[in-house]
Structure formats: structure tokens, C-alpha cells
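Have a look at the structure below before the remarks.
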Amino acid sequence: MELILELFSDKNVGTGKTVTITSSYSGADVSNYSVTDQSSTTANITAKALTVSGITASSKTYDGSTSSTLDTSSVLYTACIGRHIYRSLLLAV
């Protein structure tokens with residue numbers, strides 16, 4: 001039986017990130033082998049999509065400016081991780 005543990009060097013988005021490989025072997029015949037393992041490789045961590053919704057702009061009377069007031073009391077952040085959808089609703093305090 002072989003157990004392989006792979007760990008990225010950190011959790012941040014990036015390319016060519018080092019992945020450390022740790023292998024462990026067990027079983028009745030394990031002593032019959034001399035195993036040379038690969039100790040590392042590289043892989044990428046890509047950014048996860050995050051959808052932001054629920055922000056509205058307030059209407060206003062003409063005042064010659066382009067400024068606007070935003071209502072963020074119902075902001076909803078949504079991300080899909082694997083088969084799970086995570087939502088976080090921020091309520092105004």
C-alpha cells in the first residue's frame with residue numbers, strides 16, 4: 001500500500017508553485033523493494049470565481065455630478081467550491 005501526501009508551498013494563487021510530495025509504503029513485501037521517490041513537482045493555483053450581487057444605486061435629482069449613492073445592505077457573495085454553493089449575506093448594521 002502506498003500513501004502519498006502532496007502539499008502546495010502556500011495557499012495563494014500563482015503559477016509554477018512548488019508541491020512537496022511525501023510517500024509512505026507498507027505491506028508484507030515492502031522490505032523487498034528500494035523505492036526512489038520524486039520529492040516535488042510544480043502546479044498552479046487559479047483564482048476562484050466569486051459573484052457579488054444585491055448592490056443597488058439610488059436615483060437622484062440632477063446636480064451636475066456623476067456621483068451616486070449605493071445601497072449595499074443586501075449584498076450577496078456566492079462561490080461554488082466543488083459541488084457546494086456557498087452564500088454569504090451581509091446585513092447592514
Item to check | Cross-link reach list, aspartates and glutamates versus residue 48, counting only Cα pairs under 19 Å and skipping chain neighbours closer than eight places | outcome: 10
Checklist entry - Once phi is turned into θ = phi - 60°, what whole-Hz ³J(HN,Hα) does the Karplus curve with 6.51, -1.76 and 1.60 give for every residue of segment 56-65, x standing for Gly and Pro? => result 10, 9, 7, 6, 8, 7, 3, 9, x, 10
Next on the checklist: Loop-only trypsin sites (Lys or Arg not before Pro) in segment 1-51, please: DSSP not H, G, I, E or B, and at most 11 other Cβ atoms within 10 Å.
Outcome noted: 11, 48
Checklist entry - Once both labels are modelled 7 Å past Cα along the beta-carbon direction, what's the residue 65-residue 13 spacing in nm? => result 3.3
Checklist outcome for this item: Taking placed amide H atoms and a strict 5 Å upper bound, the residues 5 or more places from residue 75 or on another chain that come that close are 90
Checklist entry - How big is the accessible area of residue 9 in square angstrom, nearest 10, if you roll a 1.4 angstrom probe over the protein chains? => result 80
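How do 29, 71 stack up against each other in accessible area, from largest to smallest, with a 1.4 angstrom probe? Could you put the intermediate results ahead of the total?
Values: 29 90, 71 65 Å².
My answer, sorted largest first, is 29, 71.
The values are calculated or read from the model by the stated rules, or taken from the named source; none is laboratory data. Everything numeric in this text was worked out from a predicted model, so none of it was measured. Cβ: placed from backbone, ideal geometry, glycine included. Neighbour counts: every protein chain shown. Surface areas here come from the heavy atoms of the whole protein model, side chains and all, with no ligands, DNA or RNA. Shrake-Rupley method; radii C 1.70, N 1.55, O 1.52, S 1.80 Å.
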